[in-house]
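Any read-out appearing in this document is the output of simple, stated calculations on the displayed coordinates, not a laboratory observation. Every value quoted in this text rests on a predicted model; they were computed, and no experiment measured them. Ideal geometry is used to build each Cβ from the backbone, glycine not excepted, and the neighbour counts take in all protein chains shown.
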Amino acid sequence: MQVLYDSKSSRLDSGTYFDGVLGSKLAFMYVTCGDLKEGRRVFDTIANEKVFMWNLIMNEYSKMGNFKESVYLFKKMIKLRVEADSYTFSCVLKCLAALGSIKEGASVHGYLLKLGFGCYSTVFNSLIAFYFKCGKVKNACKLFDEMNDRDVVSWNSMISGYAANGLAEKGFEMFIEMLNSNFYVDLASMIIVLSGCVNCGDLEFGRTVHTFAMKSGFSREIAFNNTLLDMYAKCGDLDSALRVFEKMGERSVVSWTSMIAGYARKGVSDGAIRLFRGMEREGVKPDVFSITSILHACARDGILETGKDVHGYIKENDMQSNLFVSNALMDMYAKCGSMEDAESVYSEMPMKDIVSWNTMIGGYSKNCFPNEALNLFVAMIQVLEPNGITMACILPACASLAALERGREIHGYILRNGYSSDKHVLNAIIDMYAKCGVLVLARLLFDMISIKDIYSWTVMIAGYGMHGFGSEAIAAFNDMRRAGIEPDEVSFISVLYACVHSGLVDEGWRFFNIMRYECKIEPKLEHYGCMVDLLSRSGNLSKAYRFIEMMPIAPDATIWGALLRGCRIHHDVKLAEKVAEHVFMLEPENKGYYVLLANIYAEAEKWEEVKNLRDKIGRRRGLKKNQGCSWIEIKGKVNIFTTGGNSHPQAKKIESLLKKLRLKMEEEGYFLKIRYALINTDEMEQEVSLCGHSEKLAMAFGILSLPPGKTIRVTKNLKVCSDCHEMANFMSKTAGREIVLRDSNRFHHFKDGHCSCRGFW
């Protein structure tokens, strides 16, 4: 619609004329009715000399977050010589603060002083808020000190400004000074101070404010009570938060959400779920924040069924289109291990942000879908710029696959885009290099971190452990403690694991006792499992058995399985039979344990027992055994081999090379230890004819494909067998190659016919 106007009146193209007053009223009507676009169009057609309309439209743009347009209007009105008032300056200072425009704000400061607004407390309050928002604390304090006419807003601005700049204690001092100056403390003052307590975690001052509030009558205000219980919850005092909650005469959705979030944050997921159910019973409709809080609680403890119930509620109330809700749903499913459900939510999202992509990439990485994580990462960088969190999510996928070349490419991307200053990213890079077998580079990057956190140290300790460098792992653990960082339960798992794979029995016991008695950390199944493994490998089988019997928590099949493997190493058939009863009872469908016992019988030449066990296995249906699988990365491509597989394009060449190596081994006096306990003769024939364990195939392919002298890096999903271990030793000597083999337990570095594990595997 074309509009013609002059300085005194305006005419729409319908032919209707109206003067500036009518134009202002029409613009006012549009703006107050929510149609800012049409109101602005009418406003632009009139020569409005009244500051009121300028303030109104500037304020509306500010509410929408379009601060630049508000500032533009301010500059335009000054240019047109429209006389500004205190509301104009308050509005434009708020916008400039949001934009972080310090220089322009300082200019406005000088301009308003020139016009004589220096004595207006509302303007000075806005100036104080502006300088605090821009981080200019000294400027704000100077203005406050110069004020002759302070009001409660002035004091509140100082208290909130200090808190927002990480100086909450200064804000508390200001609050006390305000009380001593006999200023009236309003509800905003109380809420600001409690928020400051949250920012700095000062629970004691929060309690003091609570006491003062009860005496002053603020405890009847729902806004105050909501902030109070939020303060208690975020400071970790759930009992006090619950008391406040129970005494509240009126509870809003904010009250319930604060409590649910508090329980979720503390890890009391059952309490969060109980509150959510109570909220529904009382007829309080959950909002986005309630839903995301309960989903975080389900995610934290892996409570999938409740998470699915919440998902049902989301669908019933048409909340799935909300980006925050969908991201929280995906996160819940990913952390509960249900990537299929996470994929379903992801595929149905109408809009995705970087959190959506990161959640899926991280979910794939953590749930052992590294290829899917890498594929999604490639898709992401086509449409969206990744951030540091993306890098920290994708690097574990490279580590899981031991995809060194891909990991190096991502490391290069990180360096080029400036993400290497992020400690989480740097820790993930160190972890990736350690799990890809390049421990020297992992240590070099570790040493470059100026301030190391517990995760940095734990990654390095675990890296040493999985490579069999027990002494180095212990040294790093001790260095961490000397640096003033107290170990957590994960750090102890890492150092105990290192002791296991280096045969350090006494050191393992020492760390186990330090954890329990010095650090007051109650051992979990993983810690007990390490100790059983350590005792079993070192031949202390009876001691390991007694240790299991004395455990305060019920042992699982993994713990009994560690002892069963120890029985095989040390040929204790009688104890193996006793231990196997526990294992079969806990995991009756795991074929691997039956094969392990059969091998124990076969090595003791108890052929009748082997036959009976085979018959027993044959009668049982549904027994599960993981498929042996190994892979090797060459020129950025991951080549996968399965046990007995012959589908690879170079299968004949690989078979021929392995046969030659086997013949050469026999000529030089090596004897392959073929396992007689294989479930049927076909499998045995396949092993003899093809030497077909997956790691042998991958290593042979590496010799055929990589240039002379290049290190061969192979990863296997299961523990390497002794036959393949012996073959790898021989390959490294014959081919003059270093072979780095990562199995499910640890790294084996084969060089010149020797392995770094020294038999501890």
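Panel order for 255, 160, 744, by other beta carbons found within 10 Å of each beta carbon, from fewest to most: 744, 255, 160. In this entry, region 145-193 is assigned a mean projected area of 3.2 nm², taken as a quarter of its C-alpha convex hull surface. Is region 407-449 best put as rounded, prolate or oblate by its Cα gyration tensor, with a ≥ b ≥ c the root eigenvalues, rounded for a/c under 1.5, and otherwise prolate when a/b is larger than b/c, oblate when not? In terms of gyration-tensor shape, oblate.
Once a ≥ b ≥ c are taken as the square roots of the eigenvalues of the Cα gyration tensor of region 387-465, is the result rounded (a/c under 1.5), prolate (a/b larger than b/c) or oblate (a/b not larger than b/c)? Intermediate values should be presented prior to the final figure.
Details: a/c = 1.59, a/b = 1.09, b/c = 1.46.
Taking the square roots of the gyration eigenvalues as a ≥ b ≥ c, region 387-465 is oblate.
The Cα center of region 536-582 and the Cα center of region 695-761 differ in position by 29 Å. Using the average count of surrounding beta-carbon atoms within 10 Å as a protection proxy, the listed peptides 646-658, 520-532, 604-616 rank, highest first, as 520-532, 646-658, 604-616. When only Cα pairs below 8 angstrom with a gap of at least 6 residues are kept, the chain shows a relative contact order of 4 percent. Suppose R0 equals 22 Å. What FRET efficiency, 1/(1 + (r/R0)^6) with r the Cβ-Cβ distance, do residue 569 and residue 616 give to the nearest 0.05? My answer for the efficiency is 0.40.
Expressed per residue, the C-alpha convex hull volume of region 298-375 stands at 78 Å³.
Highest-first packing order for the peptide set 328-337, 188-197, 373-382 is 328-337, 188-197, 373-382, based on the mean count of other beta carbon atoms within 10 Å.
Any idea what log10 I(q)/I(0) is at q = 0.08, 0.10 Å⁻¹ for the chain, Debye with uniform C-alpha scatterers and no solvent? The Debye formula, applied to the Cα set alone, gives -0.88, -1.19. Each listed q (0.11, 0.12 Å⁻¹) maps to a log10 I(q)/I(0) for region 218-321, found by the Debye formula over equal Cα scatterers with no solvent: -0.31, -0.37. The distance between label points at residue 80 and residue 33 comes to 2.2 nm (points 7 Å beyond Cα on the Cα→Cβ vector). Suppose R0 equals 51 Å; then what is the FRET efficiency for residue 107 and residue 216 from their Cβ-Cβ distance, rounded to the nearest 0.05? Computed FRET efficiency for residue 107 and residue 216: 0.75. Net charge dipole, the chain: roughly 1420 debye, given to the nearest 20, about the Cα centre with Cβ charges of +1 for Lys and Arg and -1 for Asp and Glu. Put the Cα centre of region 247-276 next to the Cα centre of region 47-81 and the gap is 43 Å. Pairs from the table (308/335; 637/710; 25/79; 574/606; 660/733) lying more than 18 angstrom apart at Cα are 25/79. For the peptides 361-367, 78-84, 135-141, the ranking by packing is 361-367, 135-141, 78-84, with the highest mean count of neighbouring Cβ atoms within 10 Å listed first.
Taken along the Cα-to-beta-carbon direction at a fixed 7 Å, the label points for residue 478 and residue 41 span 7.9 nm. Whole angstrom only: what separates the Cα centroid of region 144-187 from the Cα centroid of region 190-205? Region 144-187 and region 190-205 have Cα centres spaced 14 Å from each other. What the Cβ-Cβ distance of residue 635 and residue 177 gives, at R0 = 56 Å and to the nearest 0.05, is a FRET efficiency of 0.20. Normalised by the number of residues in region 551-612, the mean separation of alpha-carbon contacts (under 8 Å, six or more apart) gives a relative contact order of 33 percent.
In order along region 496-503, the phi-based Karplus estimate (6.51 cos²θ - 1.76 cosθ + 1.60, θ = phi - 60°) of 3J(HN,Hα) comes to 5, 4, 4, 5, 4, 8, 10, x Hz; Gly and Pro are listed as x. Across the alpha-carbon atoms of region 545-625, the computed radius of gyration and Dmax are 12.6, 38 angstrom.
In a fully extended conformation the segment linking residue 204 and residue 581 would gain 130.1 nm over its present Cα-Cα distance, using 0.36 nm per residue. Provide the percentage of antiparallel DSSP beta bridges, counting only those with both residues in the chain; round to the nearest 5. Of the beta bridges lying entirely in the chain, close to 80 percent run antiparallel. Starting from the Cα gyration tensor of region 368-412, take the square roots of the eigenvalues, sort them a ≥ b ≥ c, and report rounded, prolate or oblate (rounded when a/c is under 1.5, otherwise prolate if a/b is larger than b/c, else oblate). It is prolate, given that a/c is not under 1.5 and a/b is the larger ratio. Distance between the pseudo-spin-label points of residue 347 and residue 656 (7 Å out from Cα toward the beta carbon): 4.5 nm.
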